[in-house]
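Visitor: Supplied in structure tokens, the structure appears directly below.
Just so it is clear, none of the values below were taken in a lab; they were calculated from the coordinates. Please read all numbers here as calculations on a predicted model, not as lab measurements. Don't worry about glycine lacking a Cβ; one is built from the backbone with ideal geometry, like all the others, and counts go over all protein chains shown.
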Amino acid sequence: MANKKKRAPRRSTMSKAAQRMVMGGMPQEEEEILQSPMRMALQSFLHDKIAMAGIFCFVIIFLCCVILPFFYPIDLYYQDVTQANVAPGFGMLKVPSAMQGNAQDISVGSTFSVGLDKDGNVYEWGTLPNDRLRDIPSQEETGKLVMVSAGLDHVVAANEDGEVFTWGNNRMGLEQIPMELRSGGNKIKQLEAGYQVSLALTEDGEMYNWGSAYLLNISYPDGVQGNIEKFAQSTNIVMALTKDGEIYPLTTSTGSAYVNVPEDIQGDVVDFDLSDESGAAVTSDGRVHTWGNNVHNTLTVPEEIQGHVVSVSGGRYHFTAILDDGSVASWGDNTHGQASAPALGTAAAEVDAGYYANYCIDEDGNVTSWGLDGYLMGTDDLGRDLFRRLLAGGRMTMTVGAISVVISTIIGILVGGISGYKGGKVDNLLMRLTEIVSSIPFLPFCIILSSILGNSISETERIILIMVILGVLSWPGIARLVRGSVLAEREQEFVTAAKSLGVKEFGIIFRHIVPNIITVIIVNATLDFATCMLTESSLSFIGFGVAEPNATWGNMLNGAQNGQVIANYWWRWVFPSVVLGLCTISINCIGDGLRDAIDPKSKER
Amino acid sequence: MGKGRYLLKRLLYIVFVFFIISILMFFIYKSMPGDPVDAMLGSLKTTMRPDAYQDLYNRTAERLGVNEPLPVQYIKWIASMLTGNFGYSTQYQRQVIDVIGAPMLNTILLNVFTMVVVFVISIPLGIVTAVRKNGVFDKTVQVVTIIGYSLPSFIIALLAIFAFAVKIPLFPISGVRSAGADAGGLQGMLDMVWHMTLPVLVMSVSGIGGITRYVRASMIDVLRMDYIKTARAKGLREKTVIYVHAFRNALIPIVTITTWWIIGLFGGSVVIESVFLWNGLGKMLIDGLMNRDFSIVLTMQMFYVLLSLAGNVLMDIAYTIVDPRVRLEN
């Protein structure tokens, strides 16, 4: 009462006026007398600003983790080193306006793109993985560039005279351009920068490669050199199309589905390109033939474009084709929208698909782009999108927390209820058991159990194990609380009444007494939920909880345990920390608010 | 019932719980997949001749006693445990007792420092906020403390490393002492304190958050009591009222919570030790688990159990000290 009076002046005039309108000017004190304790608790809880802010914050995070994964699905096993440690931000597709209407050539690199306009000016945009990429050679040095290509972290370009230039990463021999290409004179037909390798093809069908030979092991079959029409490269392989329309893998290794170019199209191929796991070739009748592994449906060519395809270009897990009516079509992986080709106004002249993006230059020199524009929260060391992992991790962390709390609450109610109602020896025994469990040091024991039991089981079983461990070890608190409340309720009249009616003991405890103390249990369960989430995160953080590739907020921080990461890749630890912190803070605020609302005495504090 | 008899009863009970947990732990360990003998001999299996290896294997198994029935193994193990022989560490190739000294000292140092920092800050803070209840200062502290105890320690650790070791390189990121620093005496001490600052800071934050809130809550309860009014009516100075009359009575619930906190502190320092590569018991536990070094892990676990059981008894004793009304009975 005293407290209510104290609060009254703090209410704003607006709410007072509103109340008067509803209550018809009824004096406030009278209204309070009419309220049941439950409603009073609810009222005071709703007026607790901190608790409300906590609820708001938690509900938002919760909804995000539940709903957003439907829009941003995650492939837990996906990883891509070319996308490792990309800083958060967008703009990978932001073609400089100076290039619009004047574009000569565009190429997609790992997380950046390089473009060339018709005057020979070079543009770079996106997230540069390497600072050396900024050292674009001046036009005096290079002359008029006509061809450009971006790779993992380097760029190659050629001028009108066939002189080849490179900048960006200069290790692994990427700077050692073959002599023949340095001096010019050879007309360059095709130029590509790949994964630590550069490739060039001259008009007379001669191919050159330099850079790291370790990954690709390029070898030219007899009679291919000097007869090459076009080549294509991915991180795994290089293949060449000869002037006779045949495709040759430039490798000595055989046996993988990747090198098995269908025999029936050999000799009839007009264009082809490779994605990371598959190849696609266009034959003279305008049909696309694919081979390799059907990762992300790269082999599933849309039926309606068959017979109309002019040329094809491959990204990491998708293909984009130009059709005979000048429109474009894409298929394959659509995680970043790279397979959602837009409708073009004018006919497409050239398409460059690479990594996760596509650029299409139309006949007027305008550029249209689609695909990966950037990562909202950056990527981790394995190139995984942190935003998606954060959502999946939130779901996992909350699920583990919630189920652990359910387990511990059920055990707590059972033990506490029986112990408090029965009393005597049973009480003594159960309380000793409670004491034993609570004297087990929590975190070390969790670590030990999860490392010993979780050794030879599957990932799902491991997650269940973590839930059970947390639940089974954290019930003593709730059991004590329930026991105390049951002791107080036991002597009430309604229990005596239930007894005299012949209700069984089990029924009295769980159907008559427990519903009366459910508020206390709910408050405690709320606070336990935060604790369980924290414990799970701590366990996963030190590597004894939910293991990769499953994401939780704790194990996302696991990789951020060294100074290098903390200093250079802030996004890898800031985002998970902020969300986890916000979540636990808001749950604690809610729990505190609930407690204050239920226990009027504590509000005095 | 006298105090002595009560304590004796408690002690017996602790011994009982200790044995229960030790049995539990022992059998969990024994159900662990993997052959400890193979783990101990390590790479010898590939380098030795098969028959010689088998011979060595049998001898080692004999020495470790892994072929005997489990209850016998347990009794042998617990007997040697109680006589101070904690077994042989397969990871360090030495007796556990020989390798456990330094980490234990490190952990105790870390925790004791944290406790001192937490109490020195949180008790006065709790009292002040309780006295000036609902003031601006109180409200601020309330918000800060709820953040402090809600944030997981490893997030605070990451923030602290970012702020004080990366951005402003005041303190080392990890380790117990500087590499190669061999200096004993004052220099060595200072070096260690320098390395300890960040872990202690991080562990203190959550402790301060929780304890301050408890001190405040229990002080507020006490300050509303009639005897405080009486004390004031007698004309005692406000300081005497608060620090002598009120605080002593507020201590009872504080003692409960701090005992649990201290026990949790030792367990929780596992995470901090692994972040800061602090060579303490927690890190040893994790290393032991990684290397399947049963003896080390079992010893660690028993240490933690003993610690928490002892904490319970100390709590009881502390009750009688702070509140003469409490009789140590059932």
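Visitor: Please list the radius of gyration and Dmax for region A:91-215, considering alpha-carbon atoms only, with Å as the unit.
Guide: According to the Cα coordinates of region A:91-215, Rg and Dmax are 13.5, 40 Å.
Visitor: Any chance you could list P(r) for region A:324-474, counting all Cα-Cα pairs in 10 angstrom bins from zero, rounded to whole %?
Guide: So the P(r) values, bin by bin, are 9, 22, 19, 14, 11, 11, 8, 4, 2, 0.
Visitor: In whole Å, how far is the Cα centre of region B:190-259 from that of region A:399-415?
Guide: Going from one Cα centre to the other spans 33 Å.
Visitor: With viscosity set to 1.567 mPa s and temperature to 4 °C, compute the Stokes-Einstein D of chain A, Rh being the Kirkwood radius across alpha carbon pairs; µm²/s, no decimals. Mind showing how you got there, number by number?
Guide: Values: Rh = 29.1 Å.
Using the Kirkwood radius from Cα pairs, D works out to 45 µm²/s.
Visitor: Also: Suppose we keep just the alpha-carbon trace of region A:400-556; what are its Rg and Dmax in angstrom?
Guide: In order Rg, Dmax, the Cα atoms of region A:400-556 give 17.9, 58 Å.
Visitor: Roughly how far apart, in whole Å, are the Cα centres of region A:495-530 and region A:216-260?
Guide: 75
Visitor: What value, in deg cm²/dmol to 500, does the helix sum -39500 (n - 2.57) over DSSP H runs of n ≥ 4 give at 222 nm once divided by the residues of chain A?
Guide: -12500 deg cm²/dmol
Visitor: Same structure again: Under a cut-off of 14 Å between alpha-carbon atoms, report the aspartates and glutamates in cross-link reach of B:Lys133, not counting same-chain residues fewer than 8 places apart.
Guide: A:Glu604, B:Asp221
Visitor: Now a separate question. Give the value in nm², to one decimal: projected area of the alpha carbon convex hull of chain B, averaged over all directions.
Guide: On the way: hull surface 92.8 nm².
Value for chain B: 23.2 nm².
Visitor: Tilt of helix B:70-82 relative to the longest C-alpha principal axis of chain B, in degrees (0 to 90, nearest 10)?
Guide: 60
Visitor: Let a ≥ b ≥ c be the square roots of the eigenvalues of the Cα gyration tensor of region A:193-296; is it rounded (a/c under 1.5), or, if not, prolate (a/b larger than b/c) or oblate? Don't jump to the answer; show the numbers that get you there.
Guide: Working: a/c = 1.70, a/b = 1.15, b/c = 1.48.
Note, shape of region A:193-296 comes out oblate.
Visitor: If contacts are Cα pairs under 8 angstrom and at least 6 residues apart, what is the relative contact order of region B:217-275 in percent?
Guide: Details: 22 pairs, mean separation 22.3, N = 59.
Averaging sequence separation for qualifying contacts and normalising by length gives 38 percent for region B:217-275.
Visitor: Kindly provide log₁₀ I(q)/I(0) values, in the same order as q = 0.13, 0.16, 0.21 Å⁻¹, from the Debye equation applied to equal alpha-carbon scatterers of region A:225-374.
Guide: So the normalised log intensities work out to -0.53, -0.81, -1.34.
Visitor: Once the Cα gyration tensor of region B:176-285 is diagonalised, what are the square roots of 5 times its eigenvalues, in whole Å and ordered largest first, as equivalent ellipsoid semi-axes?
Guide: Values: eigenvalues 340, 59, 17 Å².
So the equivalent ellipsoid measures 41, 17, 9 Å along its semi-axes.
Visitor: For chain A, which DSSP H helices look membrane-span-like by this rule: Cα extent along the axis of 27 Å or more and mean Kyte-Doolittle of at least 0.5?
Guide: Numbers: long enough: A:49-71 (32 Å, 2.59); A:386-422 (52 Å, 1.17); A:518-541 (33 Å, 1.30); A:571-598 (40 Å, 0.90).
Flagged H segments are A:49-71, A:386-422, A:518-541, A:571-598.
Visitor: Something else: Give me B:Met315, B:Met189, B:Met203 ranked fewest to most by other Cβ atoms within 10 Å of their Cβ, as a rough exposure proxy. All intermediate terms of the calculation are to be shown ahead of the outcome.
Guide: Details: B:Met315 17, B:Met189 12, B:Met203 27.
Ranked by crowding around the Cβ, least crowded first: B:Met189, B:Met315, B:Met203.
Visitor: Still on this structure: Working from Cα positions, state the angle (0 to 90°, nearest 10) between the long axis of helix B:50-64 and the longest principal axis of chain B.
Guide: The answer is roughly 40 degrees.
Visitor: While we're looking at this one, here's another question. Counting other beta carbons within 10 Å of each residue's own, what order do B:Lys167, B:Lys283, B:Lys9 fall into, fewest first? Intermediate results must be reported in sequence, preceding the final value.
Guide: Values: B:Lys167 11, B:Lys283 23, B:Lys9 14.
Lowest to highest Cβ neighbour count: B:Lys167, B:Lys9, B:Lys283.
Visitor: What does the structure give for A:565-577 when I average, per residue, the other chain Cβ atoms found within 10 Å of the residue Cβ? Each step should come with its number before you reach the end.
Guide: Working: counts 1, 10, 6, 1, 0, 2, 0, 0, 6, 4, 0, 2, 8.
Averaged over the peptide's residues, the number is 3.
Visitor: Mind checking region A:435-519 for GluC sites (Glu not before Pro) that DSSP puts in a loop (not H, G, I, E or B) and that have at most 11 other Cβ atoms within 10 Å?
Guide: On the way: sites: A:Glu435, A:Glu459, A:Glu461, A:Glu489, A:Glu491, A:Glu493, A:Glu505; in loops: A:Glu491.
Hits after loop and neighbour filter: A:Glu491.
Visitor: Cα centroid distance between region A:263-314 and region B:109-152, in Å?
Guide: Here the answer is 67 Å between Cα centres.
Visitor: Helix-derived [θ] at 222 nm for chain B: sum -39500 (n - 2.57) over DSSP H runs of at least 4, divide by residue count, nearest 500? Show your work: numbers first, answer last.
Guide: Working: 14 runs with 240 residues, N = 330.
After summing the helix terms and dividing by residue count, I get -24500 deg cm²/dmol.
Visitor: Could I ask something else about it? So what are the radius of gyration and Dmax for the Cα set of region A:417-487, in Å?
Guide: 15.0, 44
Visitor: Step through the table entries A:Lys94/A:Lys243; A:Lys94/A:Lys189; A:Lys504/B:Lys9; A:Lys422/B:Lys30, compare each Cα-Cα distance with 32 Å, and write down the pairs that go over it.
Guide: Values: A:Lys94/A:Lys243 37 Å; A:Lys94/A:Lys189 27 Å; A:Lys504/B:Lys9 37 Å; A:Lys422/B:Lys30 37 Å.
Distance filter (> 32 Å) returns A:Lys94/A:Lys243; A:Lys504/B:Lys9; A:Lys422/B:Lys30.
Visitor: Still on this model: Please report the base-10 log of the normalised intensity I(q)/I(0) for region B:228-292, using a Debye sum with one equal scatterer per alpha carbon and no solvent, at each q in 0.14, 0.24, 0.27, 0.28 (1/Å).
Guide: -0.60, -0.92, -1.02, -1.05
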